[in-house]
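Structure record follows, encoded as structure tokens.
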Amino acid sequence: MKTEQPFYVWPDSDPPIYVPRVTQITSLAPKPQLIEWMRREMARVVLSQVALNESLRDLIGGTLDTYLSVVSNRINQVMKILTIFTALFMPISFLAGFFGMNFTRVPFDNSPLLIGTLIVMVVTPVLMFLWFRHRGWI
């Protein structure tokens, strides 16, 4: 009894195969050449589908990488804006927190010190904003 050789889906190269014509098939039983041709044809189709699958997987992977890059870039832009706002409001928060403490002798008893502190609280963020714009960060 003849045992069949195992059939591999990924052959390196196949020799040319004799393909019988329909008129040469005389019986209803399939010929061994026809069976071998069908096996090789199926292997060719499977190989082409595997290649298509790999190329589509690479294409989808590239698209996903591009999308993640765009999302990361957008997040970086948002973080830059939030960092700038934090830097602009930090001096105001510090001065308000420092002078808002409950001391026994508050320096705001006289109005020139109060006006000077308020001017510093307004001018510092404005100067920082202008400096950020000059550096090209905004």
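Each value in this text was obtained by applying a stated rule to the coordinates, not by laboratory testing. Keep in mind it's a predicted model, so treat the numbers as computed, not measured. So basically every Cβ, Gly included, is an ideal-geometry build from the backbone, and we count neighbours across all protein chains shown.
Using a 10 Å cut-off on Cβ atoms, rank the peptides 88-100, 68-80 from the highest mean neighbour count down.
88-100, 68-80
At a Förster radius of 22 Å, what calculated FRET efficiency corresponds to the Cβ-Cβ distance of residue 89 and residue 135, to the nearest 0.05?
Working from the Cβ atoms, E equals 0.75.
Just to verify a number: FRET efficiency for residue 127 and residue 72, C-beta to C-beta distance, R0 = 41 Å, to 0.05?
Here the calculated transfer efficiency is 0.80.
Pull out the extension gain between residue 37 and residue 82, defined as 0.36 nm times the separation in residues minus the alpha carbon to alpha carbon distance; nm, one decimal.
9.5 nm
Can you pull the one-decimal nm distance between simple spin-label points at residue 58 and residue 117, each 7 Å off the Cα toward Cβ?
6.8 nm
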